[in-house]
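*Asks:* Let me begin by handing over the structure; questions about it come next.
Bear in mind these aren't lab numbers, they're just calculated from the coordinates by the rules spelled out. Not measured: the values here are computed from a predicted model. Because the Cβ atoms are built from the backbone with ideal geometry, glycine has one as well, and the counts that use them run over all protein chains shown.
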Amino acid sequence: MLDAKQLDALAAVVEHGGFGPAAQALHLTLAAVSLRIRGLEEQLGQRLLVRGKAVHATAAGQALLAHVKQVRSMEADLLAGLQGQHSAARQRWQTLGVAINADSVAGWFLPGVAPLLKRHKLLLDILIDDQDHTHDALKSGDVMGCVTTLAQAMRGCVAEPLGVMRYRCVASPEVVARCRTASGAVSVHKLLQQPAIIFNRKDALQDTFLAQHFELRQPEYPRHFAPSVEAFETAIALGLGWGMVPEQHLAGHPGFEEVLPGATVDVTLYWQHWAREAPSAQRLTAAVKAAARAALN
């Protein structure tokens, strides 16, 4: 049997970033927290934490943390049922961690799940990352579900297709004009002389666009980095360069013009989540899938 106090100590150390902050959060001495972690490691016969300036979980520690979060979620649902699930006054707030790409959060995810969150007093702890990397947070046990491009289900998880998010290469009219020849055709050489607006250093959509439609592999071009949806789209509107914008966002920017009309980059998204889900997590999964069906291609 796993000791609940030892598991709580492990979770606190990782969540608070060290033994000292964990001891404060648990109202224990530093020695007591260390003893609990050591006892858990001795019971399992392997290290659960990498100790250093930044404490982080080993692979075994990550598996245990995922277990802790699943148990906490199930306990919260059980308490809600015992206390009278239909009584709003008695229902307690419950937090669910999710990892999502910024375009999905801003476009379809939050509008789609908002009614559920209000109805069942659910709180989201959203981790924003590129869609090619969100599954890392699920693998580490930090979240219970993620919107990802990874189609293969990870161990202990289920991968469900959500649909396709379609991106178009757009810019302000003056930037598009600088990318065209005298005949009106798009010149890729002129395009590469203009800065690209890129969300962050993990974002590869612009390289995918150039590879798919111009057969260019990792060409050199100037780049602005704007790691927020609002800043990203504002930079394009101000004529600072070109960028890849989801079709769903274009309605709010009538001044955007396609650099290469009709050329798209399609990104297939999946909802990866724990195979064993508490009822609250099951409701969120259903809401995510319904929202994606309504918004994605």
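*Asks:* Label residue 215 and residue 133 with points 7 Å out from Cα along Cα→Cβ: what is the distance between them in nm?
*Replies:* 3.2
*Asks:* Based on the alpha-carbon gyration tensor of segment 165-268 and its eigenvalue square roots a ≥ b ≥ c, which shape applies: rounded if a/c is under 1.5, prolate if not and a/b is larger than b/c, or oblate?
*Replies:* Rounded shape, in that the Cα axes give a/c under 1.5.
*Asks:* From the helices alone, meaning DSSP H stretches of at least four residues, give me the mean residue ellipticity at 222 nm for the chain, per-run term -39500 (n - 2.57), in deg cm²/dmol to the nearest 500.
*Replies:* So the calculated ellipticity at 222 nm is -13000 deg cm²/dmol.
*Asks:* Dipole magnitude of the chain about its Cα centre, charges +1 at Lys/Arg Cβ and -1 at Asp/Glu Cβ only, in debye to the nearest 20?
*Replies:* 660
*Asks:* May I pose another question? Indicate the helices, whole DSSP H runs only, in the chain that combine a mean Kyte-Doolittle hydropathy of 0.5 or more with a Cα extent along their long axis of 27 angstrom or more.
*Replies:* Passing helices, by number: 59-82.
*Asks:* Moving to a separate point now. Where does each of 197, 236 land when they are ranked from fewest to most other beta-carbon atoms within 10 angstrom?
*Replies:* Neighbour counts put them in this order, fewest first: 236, 197.
*Asks:* Order of 179, 146 from fewest to most other C-beta atoms within 10 Å?
*Replies:* Sorted ascending by nearby Cβ count, the order is 179, 146.
*Asks:* How many angstrom lie between the Cα centre of segment 145-184 and the Cα centre of segment 57-79?
*Replies:* 33
*Asks:* Taking every pair of alpha-carbon atoms in the chain, give the share separated by more than 24 Å as a whole percent.
*Replies:* 60
*Asks:* Can you work out the base-10 log of I(q)/I(0) for segment 101-198 at q = 0.12, 0.13 1/Å, using the Debye formula on its C-alpha atoms alone?
*Replies:* -0.61, -0.67
*Asks:* Place a label point 7 angstrom from the Cα of residue 174 along the Cα-to-Cβ direction, then list the residues of segment 250-291 whose backbone nitrogen is under 16 Å away.
*Replies:* Under 16 Å, as judged by backbone N against the label point of residue 174, lie 255-257 of segment 250-291.
*Asks:* Moving on. Can you put 190, 69 in order, fewest other beta carbons within 10 Å first?
*Replies:* Ordered from fewest to most neighbouring Cβ atoms within 10 Å, 190, 69 come out as 190, 69.
*Asks:* Rg/Rh for segment 251-297: what does it come to with C-alpha atoms and Rh from Kirkwood?
*Replies:* Expressed as Rg/Rh, it is 1.19.
*Asks:* Could you tell me the relative contact order of segment 165-268? Use alpha-carbon pairs under 8 Å, at least six residues apart, and round to a whole percent.
*Replies:* About 49 percent, as a whole number.
*Asks:* Take every DSSP beta bridge with both residues inside segment 165-268 and express the antiparallel ones as a percent of the total, to the nearest 5.
*Replies:* Bridges in segment 165-268 are about 75 percent antiparallel.
*Asks:* What nm distance separates the two modelled labels at residue 182 and residue 92, each placed 7 Å from Cα along Cα→Cβ?
*Replies:* 7.5
*Asks:* On to the next question. Could you tell me which trypsin sites (Lys or Arg not before Pro) in segment 205-297 are loop residues by DSSP with no more than 11 other beta carbons within 10 angstrom of their beta carbon?
*Replies:* In loop regions of segment 205-297 (DSSP not H, G, I, E or B), the sparsely surrounded trypsin sites (Lys or Arg not before Pro) are 217.
*Asks:* Looking at the chain, identify the longest residue range that excludes and avoids all GluC sites (Glu not before Pro) in DSSP loops having at most 13 other Cβ atoms within 10 Å.
*Replies:* Here the longest segment lacking exposed loop sites spans 1-214.
*Asks:* Given a Förster radius of 35 Å and the C-beta distance between residue 63 and residue 118 as r, what FRET efficiency does 1/(1 + (r/R0)^6) yield to the nearest 0.05?
*Replies:* With a Förster radius of 35 Å, E is 0.60.
*Asks:* Here is the link list: 139/289; 69/118; 69/202; 121/289. Which ones come out longer than 26 Å on Cα distance?
*Replies:* Violating the 26 Å limit, Cα to Cα: 69/202.
*Asks:* Quick one: of the DSSP bridges fully inside the chain, what percent are antiparallel, nearest 5?
*Replies:* Close to 65 percent.
*Asks:* For residue 5 and residue 149 in one chain, what is 0.36 nm times their gap in residues minus the Cα-Cα distance, to one decimal in nm?
*Replies:* 48.2 nm
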